[in-house]
Amino acid sequence: MTILKKMILEKGLSQNKVAQAARVPQSSMSLIVNGRLIPCPAWRIRLAEVMGVTEEVLFPSRALEEDR
C-alpha cells in the first residue's frame, strides 16, 4: 500500500476529492494511489500540500532517487 493511499484512508477522504484539490486527473490519481504511476514533480508538490505533509514524506522513494 502506498503512503498516499494509506493517508487517504486514514483521513477518510476520497481519491476523487484529493485529485480535485490537487488538480490531478482522476484517471491518473488512481494509478498514483496504487503505485502504478510516478507523479510529475508538480503533482507531487500539490498532493503533498493537500495531504498536509512534505513531498518527501508522501513520496520517499522519489526523494531518494533525486538525491542520487
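The values are calculated or read from the model by the stated rules, or taken from the named source; none is laboratory data. These figures come from a predicted structure and were not determined experimentally. FYI the Cβ positions are ideal-geometry reconstructions off the backbone, even for glycines, and counts take in every protein chain you see.
Side notes on the structure shown:
- Of the set (1) modelled with pLDDT of 95 or more; (2) exposed (fewer than 12 other Cβ atoms within 10 Å of the Cβ); (3) of a type outside the set (Asp, Glu), all apply to residue 15 but (2).
- The helices (runs of 4 or more DSSP H) found entirely in segment 1-61 that carry 1 or more residues being hydroxyl-bearing (Ser, Thr, Tyr) are 26-33.
A quick yes/no check of all residues on (1) under 16 Å from residue 61 (Cα atoms); (2) hydroxyl-bearing (Ser, Thr, Tyr); (3) free of Cβ contacts under 8 Å to residues at least 12 places away in the same chain:
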site	(1), (2), (3)
3	yes, no, no
10	no, no, yes
13	no, no, yes
18	no, no, no
23	no, no, no
28	no, yes, no
32	yes, no, no
36	yes, no, yes
